[in-house]
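Just below is one structure, and these are the notes that go with it.
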Amino acid sequence: MLKIRDLSKTYANGVQALKGISLDIPTGMFGLLGPNGAGKSTLMRTIATLQDADSGSVHLGDLDVLADKTEARRRLGYLPQEFGVYPKVSAMAMLDHFAILKGVVDGRQRKDLVKALLQQVNLWPVRHRKLGTFSGGMRQRFGIAQALIGQPQLIIVDEPTAGLDPQERNRFLNLLAEVGEQVVVILSTHIVEDVTDLCPRMAIIAQGELRLTGEPREAIASLDGRVWKKSVDKAALDEHLAAYTVLSTRLVGGQPVIHVLSDGNPGDGFAAVPPDLEDVYFGELRRAAAGDAAVAKAA
Ligand code: ADP
């Protein structure tokens, strides 16, 4: 279990990236959802001991992560947003190199480990190919293989599906789900479906603040009977945005379809629609933008 308490960070330019974040993250896949600039990377990098917070604490079980960085790094696997690799090195040679860096010095043991990891992430057949020839999805799966070296108890994955095509994304998420059965995996993303598809627990952060944490299905259930949809003409869209609490606007066949939040039936051609995680997310972002207090529930 990962316990984050009162984590705050203000950058030198005055941006308050984290404003007292407290969060409990149990074993399994945990989705950290927030728009660009919300503070996700700052939080991930802080937990990964790559940058310091101004105040607050992070504990992984008994381990004080921010105080004992060396031990924390031994127990942690990290897949950063931009995972740089040497393009001219083969997947197998590169993973072998990472394993040495992580302290797997026994040659035979390392060989077995590299093979097992490449098989796990489905890159064994292409192990001799240069990393520079890999697709985005293959590179991300390689990134998971290197993050798994040393049997980490905590795996941090920052925006891993950005830029992947749907098939690669599915493959990658399935792989993460398998990994997430045994350890804490934090998946940071701005893509709601990543969380819907994969995460039994989640948090939403916006503007450096925790907005909500818990189970996606509970958060969705809290909107039961309160979300309504309507297909509107483009010309009438502004009028609707002004008149209703609009959660989202999606184009369906080129025509805007809006979801609005309302305790009762708004009439005016609206129909009830079962809420989903996008409604929860956009509703929370809207409340954050309006300056409403967060109603974050303890995990
Ligand atoms: P996210 O990962 O959710 O997009 P970030 O943690 O990258 O959010 O950024 C949070 C805020 O902090 C943003 O306003 C961003 O511009 C700012 N920020 C991030 N890194 C730095 C930095 N090194 N120096 C100054 N401001 C930063």
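The values are calculated or read from the model by the stated rules, or taken from the named source; none is laboratory data. In this text, all values refer to a predicted model and were calculated from it rather than measured experimentally. Glycine gets a Cβ as well: all are built from the backbone with ideal geometry, and neighbour counts include every protein chain shown.
Data overview
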item	result
Segment 127-148 residues that are closer than 21 Å to Lys102 by Cβ, paired with ones that are crowded, with 20+ Cβ neighbours inside 10 Å and among the hydroxyl-bearing types (Ser, Thr, Tyr) (beta carbon under 8 Å, 6 or more apart)	Gln140/Thr161; Ala147/Tyr78
Contacts under 8 angstrom Cβ, first residue in segment 172-185 being assigned by TED's automatic domain parsing to the domain that holds Ser135 and farther than 13 Å from Ala147 by Cα, partner charged (D, E, K, R) and surrounded by fewer than 22 Cβ atoms within 10 Å (Cβ to Cβ), 6 or more apart	Leu173/Asp197
Candidate set from segment 10-22 (those that are near the ligand (Cβ under 9 Å from one of its atoms) and in contact (Cβ under 8 Å) with a residue 60 or more places away in the chain); member that is nearest to Arg75 (Cα to Cα)	Leu18
Residues (out of contact with any helix residue (DSSP H, G or I) (no Cβ under 7 Å at 6 or more places or on another chain) and within 30 Å of Tyr11 (Cβ to Cβ)) located in segment 210-255	Leu210, Thr213, Gly214
Residues of segment 23-63 classified as of a type in the set (S, T, N, Q), closer than 21 Å to Arg75 by Cβ and more than 10 Å from the ligand (Cβ to nearest atom), total	3
Segment 188-230, residues that are assigned to a helix (DSSP H, G or I) and either within 16 Å of the ligand (Cβ to nearest atom) or in contact with a Cys (Cβ under 6 Å, 6 or more places away or on another chain) (or both)	Val192, Asp194, Val195
Residue match in segment 137-147 (condition: part of a helix (DSSP H, G or I), closer than 30 Å to Lys19 by Cβ and not assigned by TED's automatic domain parsing to the domain that holds Ala289)	yes
Residue tally, condition in contact (Cβ under 8 Å) with a residue 12 or more places away in the chain and under 19 Å from the mean Cα position of the chain (by Cα), over segment 75-106	7
Among the candidates Asp96, Asp52, residue that is of a type in the set (D, E, K, R) and in a loop (DSSP other than H, G, I, E, B)	Asp52
Options Ala48, Ala99, Ala116: the member that is touching a Phe, Trp or Tyr at 6+ places or on another chain (Cβ under 6 Å) and within 23 Å of Gln140 (Cβ to Cβ)	Ala48
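Here is a yes/no grid of residues against (1) β-branched (Val, Ile, Thr); (2) touching a Ser or Thr at 6+ places or on another chain (Cβ under 7 Å); (3) over 24 Å from Glu193 (Cβ atoms); (4) modelled with pLDDT of 90 or more:
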{"position": "Arg129", "(1), (2), (3), (4)": "no, yes, yes, yes"}
{"position": "Gly136", "(1), (2), (3), (4)": "no, no, no, no"}
{"position": "Phe142", "(1), (2), (3), (4)": "no, no, no, yes"}
{"position": "Gln146", "(1), (2), (3), (4)": "no, no, yes, yes"}
{"position": "Ile149", "(1), (2), (3), (4)": "yes, no, yes, yes"}
{"position": "Pro152", "(1), (2), (3), (4)": "no, no, yes, yes"}
{"position": "Ile156", "(1), (2), (3), (4)": "yes, no, no, yes"}
{"position": "Leu164", "(1), (2), (3), (4)": "no, no, no, no"}
{"position": "Gln167", "(1), (2), (3), (4)": "no, no, no, no"}
